[in-house]
Amino acid sequence: MNITELKERVYEANMELQRRNLIIYTWGNVSQIDREKGIMAIKPSGVPYDTLRPEQIVLMEVATGKVVDSELNPSSDAPTHLALYRAWDEIGGVTHTHSPYATAWAQAGRGIPCFGTTHADYFRGEIPVSRFLTPEETEAAYEANTGTVIIEAFEGRNPMYTPAVLTRGHGPFTWGKDGMDSVHNAVVLEELAKMGMWTLTLSPEQQPLPQHVSDKHFYRKHGPNAYYGQGHK
């Protein structure tokens, strides 16, 4: 993929957030990595979606975090995106939003339990919530350490099986095979956050879906024995 195509794809992924009503003003960003080139493309900081253009997408070296092609500043969340790309080789795109339902769970400091099969179709188990950063972590490198606490929340978990997290007091991050896939997961996460909130409103003591049912729904769409959709025999 050439640089122009990478920028175009990241631009389209960012605009999909607006089309799906996940963001207002400048409340979000999407990135995508080209691992062969060692380059991340990400939305520029503070540029409204209504005026964003593909050529404004900022390129950064993944190894150093250095901007390589633009006079615009990258998203202030760029160090978080970079931390995730460096930690998890499987991911190719990252999305951050302040979508209201997912952000409400993050502000409450609560993970989203798997209450039903819609959740289980996309994410294995609870959507985790990260811990608060310490004062020292906040002052030293806030955005990079936001990545650190996300990675910490996934110790012992497969990030591709649960490609979403709620950063405590802040909002959701999602990821996927590329930028558009990470947006897809952000859209699904917001719907699950809404369903989960209404579930607890109707049934405050509701327990998660039984594990065997949750696993059945997840693994019929994911992993080596998946059989949902076309292309499986």
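For region 99-108, backbone phi angles converted through the Karplus equation (6.51, -1.76, 1.60; θ = phi - 60°) give residue-by-residue couplings of 4, x, 6, 5, 5, 4, 4, 5, 5, 7 Hz, Gly and Pro being listed as x. Name the long-range amide H neighbours of THR167: under 5 Å, sequence gap of 5 or more, or other chain; modelled H, no Pro or chain starts. Long-range HN contacts for THR167: SER130, PHE173.
Think of region 75-177 as having a plus end and a minus end, set by charges on the Cβ of Lys, Arg, Asp and Glu; of VAL129, PRO163, PHE115, PHE115 sits farthest toward the positive end of this dipole.
Spacing of the modelled spin labels on GLU137 and ARG19, each 7 Å from Cα toward Cβ, amounts to 3.6 nm. Need the C-alpha centroid separation for region 195-225 versus region 117-147, integer Å. When both Cα centres are located, 20 Å separates them. Counting lysine pairs in the chain whose alpha carbons fall under 14 angstrom apart, excluding pairs fewer than 8 residues apart on the same chain, gives 4.
When the Kirkwood hydrodynamic radius is evaluated over all pairs of different C-alpha atoms of region 30-70, what value in angstrom, to one decimal, is obtained?
Values: mean 1/r = 0.0942 Å⁻¹.
Its Kirkwood hydrodynamic radius stands at 10.6 Å.
This model, with +1 at the C-beta of Lys and Arg and -1 at the C-beta of Asp and Glu, gives region 45-96 a dipole about its Cα centre of some 100 debye.
Projecting the Cα atoms of ALA41, ILE3, LEU209 onto the charge dipole of the chain (Cβ charges, centred on the Cα centre) puts LEU209 farthest toward the positive pole.
The share of accessible area on the chain that comes from carbon and sulfur is 51 percent, using a 1.4 angstrom probe.
What accessible area per residue, rounded to a whole number of Å², is obtained for region 24-138 using a probe radius of 1.4 Å? All intermediate terms of the calculation are to be shown ahead of the outcome.
Values: 5060 Å² over 115 residues.
Per residue, region 24-138 has an accessible area of 44 Å².
Near the amide H of GLY111, within less than 5 Å, lie the amide hydrogens of VAL129, all on another chain or at least 5 residues away, with H placed in the peptide plane.
Couplings 3J(HN,Hα) of region 63-79, computed from phi: 5, 10, x, 7, 6, 10, 8, 9, 8, 7, 7, x, 3, 5, 8, 3, x Hz, in residue order, whole Hz [Karplus 6.51 cos²θ - 1.76 cosθ + 1.60, θ = phi - 60°; x for Gly and Pro]. 3J(HN,Hα) along region 171-186: x, x, 10, 10, 8, x, 5, 7, x, 5, 5, 5, 5, 3, 5, 5 Hz, from the Karplus curve 6.51 cos²θ - 1.76 cosθ + 1.60 with θ = phi - 60°, whole Hz, x for Gly and Pro.
Given the Cα atoms of region 110-197, and with Rh set as the inverse mean 1/r over their pairs in the Kirkwood sense, what is Rg to Rh to two decimals?
Values: Rg = 13.1 Å, Rh = 13.4 Å.
Result for region 110-197 is an Rg/Rh of 0.98.
If you filter region 7-81 for trypsin sites (Lys or Arg not before Pro), then keep DSSP loop positions with at most 10 other Cβ within 10 Å, what is left? Don't skip to the end; give the middle numbers.
Details: sites: LYS7, ARG9, ARG19, ARG20, ARG35, LYS37, LYS66; in loops: ARG20, ARG35, LYS37, LYS66.
Qualifying residues, ordered by number: LYS66.
Can you give the relative contact order of region 115-233 as a percent, counting alpha carbon pairs under 8 Å and 6+ residues apart? Relative contact order, region 115-233: 32 percent.
The values are calculated or read from the model by the stated rules, or taken from the named source; none is laboratory data. Keep in mind that this is a model prediction, so the values were computed, not measured. Neighbour counts run over all protein chains shown; Cβ positions are idealised from the backbone, glycine included. Quick note on the areas: whole protein, heavy atoms, side chains included, nothing else; ligands and nucleic acids left out. Shrake-Rupley method; radii C 1.70, N 1.55, O 1.52, S 1.80 Å.
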